[in-house]
Amino acid sequence: MESTSLEQLLAEYEFFGALGPADLALIAGCGRNEHFDAGGFLFRQGQQADRFYLVRAGRVALEIEAPGRGSLVIDTVETGGVVGISWIFPPYRWQFDARASEPVRAVGFDAACLRQKADDDPRLGYELMKSFAGVLAQRMQSARVRLLDLYSDVRTG
Amino acid sequence: MSAPAEALAPMVPRPFRVAARWPEMRGVVTLALEPVGGPPLGFAPGQFTMLYAFGVGEVPISISGRQDGRVLQTIREVGAVTRALCAAEPGEVLGVRGPFGSDWALPAAQGRDVVVVAGGLGVAPLRPAIRGLVADRDRDGRISVLVGARSPDDLLFLDELRALADDPRLHVAVTVDHAEPGWAGPVGVVPELIPDAPFDPSNATALVCGPEVMMRFTAEALLARGVPAERILVSMERNMKCAIGHCGHCQFGPEFVCRDGPIFRYERVRRFIAVREV
């Protein structure tokens, strides 16, 4: 029963927009609703990457701990965004901390469950990989644009 | 042969006294200027003046507001002239030509949603427009103010942005490239705020100001959301000298930024903005 309502919920998000009802039902079977208080960690750097999250409400900060400088936020994920890429690739370890900047409602997905379904159904796996490739491309573009230091003032006078 | 006085008038600076001066952030100062005799300076949001530090030089500076009848100009120290302007103490006299250029055309945005997108010091020329939109209690349409900066320390007019964020009529979002510990807002470049901003792209006007690369990415994000190019206004910046389209220093394709701009509809500049040679 819960997976049916979760399937309907997932269909509302652009990330899953390319998937049909049957695929959504399979994916929803690996997911569950979760809640994180402000300041709570979705995952920690170095831990096993055993989940990924669709943010339904709130903001998640991807952080890295820098000795002497504290936690530095390298990116944020807002409502409708996806947190967690490392579950796809060996060695399945988180590269960053993910912390709720504010109360977060999310759908958390069991990585082993999803990987198994993707292995069993390569077409589903390909559709999932296309969705994650879009996220990766968008984040790479964002990182490149930030490297440009867009707001620097090159004028003189 | 002498030129008629009215033809020379735009080239002759009027004396303005620095009535007040305050630092905004590191390397950025706002001056409140009042005329030494003569009428106050009238301007439309988005226009600029040529500010003259006597004995040093003259530079274009956008108008960042009005306060107690004085015109506000916010200046970043980037060279000899701006250094002299930033150092001007209350009581000193500066030369002012203008105001010059096109404006944000706020009346044309009446009845539409307005999306204001500012990057870095681009908040300064947008502030009179934001204040005008907020002050117009009769206006229909939502207002979104999206601001990006390199870091939290580089956010201009932060107190004013916070006050705007408390106004239920506005959607205000601020993002930074590099966050320090304690920053709880978004991290990323300002075009990334556009998909989630509450406006109807088919009935929205966008006002965009910031470094040129930032404006290009922002305009493309607005187009992707569905805002037509003719309703995306960008404030261009080039090497303006005479400010009346005579000297050609600020030529941008077929346009002179000082005379035909600085604010252009994106459809007019889109084909030149990414051309390396322009």
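Taken together, the values in this text are just the output of simple stated rules run on the coordinates, not laboratory data. Note that this is a predicted model, so its numbers are computed, not measured. Because the Cβ atoms are built from the backbone with ideal geometry, glycine has one as well, and the counts that use them run over all protein chains shown.
Remarks
- Computed from the Cβ-Cβ distance with R0 of 41 Å, the FRET efficiency linking B:Asp196 to B:Leu8 stands at 0.20.
- Dipole of segment B:167-276, positive end: most advanced residue of B:His246, B:Phe199, B:Val227 [Cβ charges, Cα centre]: B:His246
- Calculated [θ] (222 nm, deg cm²/dmol) that DSSP helices of n ≥ 4 give over the protein assembly as shown, each run adding -39,500 (n - 2.57): -7500 deg cm²/dmol
- nm² value of the averaged projected area, convex hull over the Cα atoms of segment B:1-120: 9.6 nm²
- Size of charge dipole - chain B - debye, nearest 20, with Cβ of Lys, Arg +1 and Asp, Glu -1, no other charges: 520 debye
- Taking a point 7 Å from the Cα of B:Ala108 along the Cα-to-Cβ direction, the residues of segment B:230-271 with backbone N closer than 17 Å to it are B:230-236, B:255-271.
- A simple charge model with +1 on the Cβ of Lys and Arg, -1 on the Cβ of Asp and Glu and nothing else charged puts the dipole of segment A:1-71 at about 260 debye relative to its Cα centre.
- Averaging Cα coordinates gives a centre for segment A:76-104 and one for segment A:116-157; these two points are 14 Å apart.
- In this simple spin-label approximation, A:Ser71 and B:Arg131 carry label points 7 Å from Cα along the Cα→Cβ vector, and these lie 3.9 nm apart.
- Rg in Å to one decimal, and Dmax rounded to a whole Å, for chain B via C-alpha atoms: 18.6, 66
- Whether segment A:45-106 is rounded, prolate or oblate, judged on the alpha carbon gyration tensor where a/c under 1.5 counts as rounded: oblate
- The alpha carbon gyration tensor of segment B:81-193 gives principal lengths a ≥ b ≥ c with a/c of 1.5 or higher and a/b no greater than b/c, which makes the shape oblate.
- Segment B:57-107 - Rg (one decimal) and Dmax (whole number), Cα, Å: 12.4, 38
- Cα centre as origin, Lys/Arg/Asp/Glu Cβ charges: segment B:1-150 dipole, Debye: 300 debye
- 0 to 90° range, to nearest 10: angle between helix A:111-120 axis and chain A longest Cα axis: 60 degrees
- Within 10 Å of each Cβ in B:181-194, the average number of Cβ atoms from other chains: 6
- Dimensionless Rg ratio for segment B:30-83, taking C-alpha atoms and the 2.2 N^0.38 Å reference: 1.13
- Modelled spin labels at A:Asp37 and B:Glu180, positioned 7 Å past Cα toward Cβ, are 2.8 nm from each other.
- Extension gain for A:Gln116-A:Leu136 works out to 5.0 nm (0.36 nm per residue, less the C-alpha to C-alpha distance).
- Cβ-based net charge around B:Phe157, under 13 Å, with every Lys or Arg adding one and every Asp or Glu removing one: -1
- Taking only alpha carbon atoms, segment A:18-157 gives an Rg to Rh ratio of 1.03, where Rh is the Kirkwood radius.
- Projected onto planes of every orientation and averaged, the convex hull of the alpha-carbon atoms in segment A:83-157 covers 7.7 nm².
- Enclosed volume per residue, in Å³, of the convex hull spanned by Cα atoms of segment B:201-241: 60 Å³
- In a fully extended conformation the segment linking B:Asp159 and B:Cys247 would gain 27.7 nm over its present Cα-Cα distance, using 0.36 nm per residue.
- Residue among A:Leu128, A:Phe109, A:Gln47 farthest towards the positive dipole end of chain A, charges placed on Cβ: A:Gln47
- The calculated pair-distance distribution of segment A:86-129 uses every alpha carbon pair, bins of 10 angstrom beginning at 0, and gives 22, 44, 28, 6 percent.
- Number of partner chain Cβ atoms within 10 Å, mean per residue of B:211-219: 3
- For A:Thr79, B:Thr82, B:Thr30, the sequence from fewest to most other C-beta atoms within 10 Å is A:Thr79, B:Thr30, B:Thr82.
- Per-q log10 I(q)/I(0), segment B:97-151, q = 0.15, 0.16, 0.28, 0.31 Å⁻¹ (Debye; single scatterer per alpha-carbon; no solvent): -0.48, -0.53, -1.20, -1.33
- The alpha-carbon atoms of segment B:105-255, seen along their principal axes, cover 48, 38, 29 angstrom, with the largest extent given first.
- Rg and Dmax [Cα atoms of the protein assembly as shown; Å; Rg one decimal, Dmax integer]: 25.1, 92
- Toward the positive end of the charge dipole of segment B:66-116, with +1 on the Cβ of Lys and Arg and -1 on the Cβ of Asp and Glu, the farthest Cα among B:Val78, B:Ala109, B:Gly91 is that of B:Ala109.
- Every Cα-Cα pair in segment B:207-278 was counted, and those over 20 Å apart are 25% of them.
- Average partner coverage of A:66-77, which counts Cβ from other chains inside 10 Å: 4
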